[in-house]
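Visitor: Take a look at the following structure, please.
What follows draws every value from the coordinates through simple rules; no lab data is involved. Predicted model, so just to flag it, every value in this text is computed and none were measured. Heads up, the Cβs are rebuilt from the backbone with ideal geometry, glycines too, and the neighbour counts pull from every protein chain shown.
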Amino acid sequence: MSNRTRHGSSQSDLFPRSIRPTIPIDESHRLVQLALELDWTEVEALYEGRGLPPQVPAMASRVHVPVYRDGAQVGRATSTTWSPVLKKMIALGSVASGHAQTGTSLGVEFTIEAVRHRVSAKVVDLPFFNPPRKTATPVV
């Protein structure tokens, strides 16, 4: 849909140039896609606290869950799964650029038996795993 109103004028015509509302853009709120590594020992402790064995999901979860820093939501994890190669719980998501530096400690919502918890997560570089054999040239 275009930015024209029902009467054919554009949104910018609604306000004279001198009093047009402006919204300052703060770069720290721009969303950045990133990789997260969840603290598996915390996940195990949560399961143990409920008297359950830790459960590794069979498939990646596509449920968006909040990502926190210092109690405030700064983004969301859009995909979470257990990596059998890395033996770690990993996630992809997007957070405000001010919290996206590699090594930054964040918290991710984790649900066990319909009860929400927070577990620690760390921002890591992508790809999660990049073995030298992927880029090695064959010897002929």
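Visitor: About the Cα centre of region 28-125, how large is the charge dipole given +1 on each Lys and Arg Cβ and -1 on each Asp and Glu Cβ? Please answer in debye to the nearest 20. Working shown, then result.
Guide: Values: 10 positive and 9 negative charges, 56 e Å.
For region 28-125, the charge dipole is close to 260 debye.
Visitor: What number do you get for region 74-140 when its Cα radius of gyration is normalised by 2.2 N^0.38 Å, N = residues?
Guide: Working: Rg = 15.5 Å, N = 67, 2.2 N^0.38 = 10.9 Å.
The reported ratio for this selection is 1.43.
Visitor: By the gyration tensor of its Cα atoms, with a ≥ b ≥ c the square roots of the eigenvalues, what is the shape of region 20-140: rounded for a/c under 1.5, prolate for a/b over b/c, or oblate?
Guide: oblate
Visitor: Check each of the trypsin sites (Lys or Arg not before Pro) in region 29-94 and keep only those in coil by DSSP with at most 15 other C-beta atoms within 10 angstrom; list them in order. Display every interim value, and only then the final one.
Guide: Numbers: sites: ARG30, ARG50, ARG62, ARG69, ARG76, LYS87, LYS88; in loops: ARG30, ARG50, ARG62, LYS87.
Passing sites in region 29-94 are ARG30, ARG50, ARG62, LYS87.
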